[in-house]
Amino acid sequence: MGTLDRQRLATLIARERATYAAANPRSAAAYRAGQSNLFGGVPMTWMTKWAGGFPLYLDQAHGNRISDIDGHTYVDFALGDTGAMAGHSPAPTVAAIKQRLEVGGGLTTMLPTEDAQWVGKELARRFKMPLWSFALTATDANRWALRLARLATGRPKVLAFSYCYHGSVDETVVVRTPDGATMARPGNVGPQVDPSQTTRVAEFNELESVESALAQGDVAVVITEPALTNIGIVLPEPGFLDGLRALCTEYGALLLIDETHTFSAGPGGMTLANNLSPDIVVIGKSIAGGIPIGTYGISQALADQINAHPDADLVDVGGVGGTLAGNALSMAAARATLGEVLTDDAFLGMIALATSFTDGVQKSLDRADVPWSISQLGARAEYRFARPAPCSGTESAAAGDDDLDEYLHLYTLNRGIMMTPFHNMALMCPSTTQGDVDRHTEVFAQAVDELFA
Ligand SMILES: Cc1ncc(COP(=O)(O)O)c(C=O)c1O
């Protein structure tokens, strides 16, 4: 079996860092300049997550190609961590945006547009949820949905899975202690209260841990991705999602399925592909082609439960909503993106490419007998430094390796391939080609061979 030599890894990282620094002087200078007026040196603190000590600065992005200000062009498998799953600036979305901006006008009027009805109907077709409401981010859609769930059930708590991620939603920045208690996830920035007051935590793929949490009788809603995607990919084991639904029903909790990333599974995410029956579906990021949007869909039964509380202020300052949410631009962009870019047919091609990507990586791992794994979820795939692939968030967190992440990110970037800076995810968009996948396969094989030579 291929054994990792840490000394060799350190030498290779140093070489790749030097290559990166030499190739990107303008990005390095822009980053230095940003230190004076930007918190963390960048417009949003996560942008320092890139390997190499400084991020590349964007020049242009079209389809699945990104160019930086040093003149390099990359095959983009990061795709804005799913925000650009439709590809960068897809033509139908750009046309709809221009139409709204230049011809229609009226970006923030508090008035609905007819596009919203089209988008709601299309989301209902895809995700089997009849009623939709819009936010500007998936984080906000999750937050508002949790409030509605508490209102409808009259219960205070949320059940989340250890190492889940649903955006910066206070209740979900949690992990489970070995004895089953809730604790703030390491690094949780200034939690408003101890999250054990708001949240029970279970382990993904462990129904017993879900049942013991739900049996306390105070959980309003279980919030989960149908496969974890934010701690590497952790796929559900057979029967887990059905068991989860059954337990929610038995203990009177609602089930919120967050499809923000698992939308990669197909046109209706895993809700459609795996025939799930949630009470709430949340999605965001990609569905408006990069224009800010988030949305939650609810069942008629849940809408009836909510509407049974006329005292709850849904139309003003009751805690659900935002001034720019549901704006005309988001709705126009979503209509074009869902109607003409991320179509049912587009997913067929994207998923076939992710299968080819997965096969290519697996061949390299097999050839060098490397104890890593790769998991595919429709149009996305991700390698993880454990074999077999982890089954829970806690297992997957234990398989993390910052040095290997840095090595692989720099190795691929230095050879024209951009992987997502969070762990090792690759996503296909409608303009990804077989040649792009083959290029990754070739570079990944070289990276493995050099490391395990
Ligand atoms: C599953 C899931 N839900 C919600 C979010 C939050 O999305 P946003 O950052 O656009 O609010 C993310 C972001 O990565 C996510 O992965």
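The values are calculated or read from the model by the stated rules, or taken from the named source; none is laboratory data. Not measured: the values here are computed from a predicted model. When we count neighbours, we look across all protein chains shown, and the Cβ atoms used for this are built from the backbone with ideal geometry, even at glycine. Just so you know, the surface numbers come from the protein's heavy atoms only, side chains and all, with ligands and any DNA or RNA stripped out. Shrake-Rupley method; radii C 1.70, N 1.55, O 1.52, S 1.80 Å.
Given the criterion among the aromatic types (F, W, Y), outside any helix (DSSP H, G or I) and within 23 Å of S67 (Cα to Cα), identify the matching residue among F422, F444. Before you say what the answer is, go through the steps one by one.
Values: F444 fails: outside any helix (DSSP H, G or I).
Step by step, each of F422, F444 is checked, and only F422 is among the aromatic types (F, W, Y), outside any helix (DSSP H, G or I) and within 23 Å of S67 (Cα to Cα).
Listed conditions (1) open to solvent by less than 40 Å² (accessible area, probe 1.4 Å); (2) within 16 Å of the ligand (Cβ to nearest atom) are all met by D68, apart from (2). Hey, any hits in the stretch 32-48 for a residue that's aliphatic (A, V, I, L, M) and in contact with an Asp or Glu (Cβ under 9 Å, 6 or more places away or on another chain)? No, the stretch 32-48 has no match at all.
Given the condition out of contact with any helix residue (DSSP H, G or I) (no Cβ under 9 Å at 6 or more places or on another chain) and under 14 Å from M418 (Cα atoms), answer yes or no: does some residue in the stretch 25-48 qualify? The answer is no, given that none of the residues of the stretch 25-48 is out of contact with any helix residue (DSSP H, G or I) (no Cβ under 9 Å at 6 or more places or on another chain) and under 14 Å from M418 (Cα atoms). Screening A336 on (1) open to solvent by 10 Å² or more (accessible area, probe 1.4 Å); (2) touching a helix residue (DSSP H, G or I) at 6+ places or on another chain (Cβ under 7 Å); (3) under 25 Å from A86 (Cα atoms) shows it passes everything except condition (1).
Every residue in the stretch 378-402 that is in a loop (DSSP other than H, G, I, E, B) and aromatic (F, W, Y), please. Step through it out loud before you land on a result.
So in the stretch 378-402, the residues in a loop (DSSP other than H, G, I, E, B) come out as 378-379, 385-392, 399-401.
Once the filter is applied, which keeps residues that are in a loop (DSSP other than H, G, I, E, B) and aromatic (F, W, Y), the stretch 378-402 yields only F385.
Would you mind telling me which numbered condition in (1) more than 16 Å from the ligand (Cβ to nearest atom); (2) farther than 25 Å from V221 by Cβ Q300 fails? If we test Q300 against (1) more than 16 Å from the ligand (Cβ to nearest atom); (2) farther than 25 Å from V221 by Cβ, just (2) comes out false.
Applying the selection to the stretch 78-100, what residues are within 16 Å of the ligand (Cβ to nearest atom) and assigned to a loop (DSSP other than H, G, I, E, B)?
A78, G83, A84, M85, A86
Within the set F385, F422, the sole residue that is hydrophobic (A, V, I, L, M, F, W, C), touching a residue at least 24 places away in the same chain (Cβ under 8 Å) and open to solvent by 10 Å² or more (accessible area, probe 1.4 Å) turns out to be F422. Of the residues making up the stretch 401-419, just one is within 13 Å of T19 (Cβ to Cβ), without any contact (Cβ under 8 Å) to a residue 40 or more places away in the chain and open to solvent by 20 Å² or more (accessible area, probe 1.4 Å), namely R415. Among the residues making up the stretch 252-262, those that are within 12 Å of the ligand (Cβ to nearest atom) and of a type outside the set (S, T, N, Q) are L256, I257, D258, E259, H261.
Scanning the stretch 356-382 for residues that are under 19 Å from the mean Cα position of the chain (by Cα) and open to solvent by 30 Å² or more (accessible area, probe 1.4 Å) yields a count of 1. Selection of strands (runs of 3 or more DSSP E) fully inside the stretch 19-76 by the criterion of at least 2 residues being of a type in the set (A, V, I, L, M) and closer than 25 Å to G87 by Cα returns 58-62. Quick test for you: out of I233, I280, pick the one residue that is more than 18 Å from E211 (Cβ to Cβ), of a type in the set (A, V, I, L, M, F, W, C) and away from the ligand (no atom under 12 Å from the Cβ). None of the other options fit; the residue is I280. Only helices (runs of 4 or more DSSP H) whose full extent lies in the stretch 114-230 are considered here, and the ones with at least 1 residues that are basic (K, R), buried (at least 20 other Cβ atoms within 10 Å of the Cβ) and within 15 Å of the ligand (Cβ to nearest atom) are 138-153. For the criterion of being more than 18 Å from the chain's Cα centre (by Cα), small (G, A, S) and within 16 Å of the ligand (Cβ to nearest atom), A265 fails. Assess whether E225 counts as being at pLDDT 95 or above and either within 24 Å of the chain's Cα centre (by Cα) or hydrophobic (A, V, I, L, M, F, W, C) (or both). Judged against the criteria, E225 is a match.
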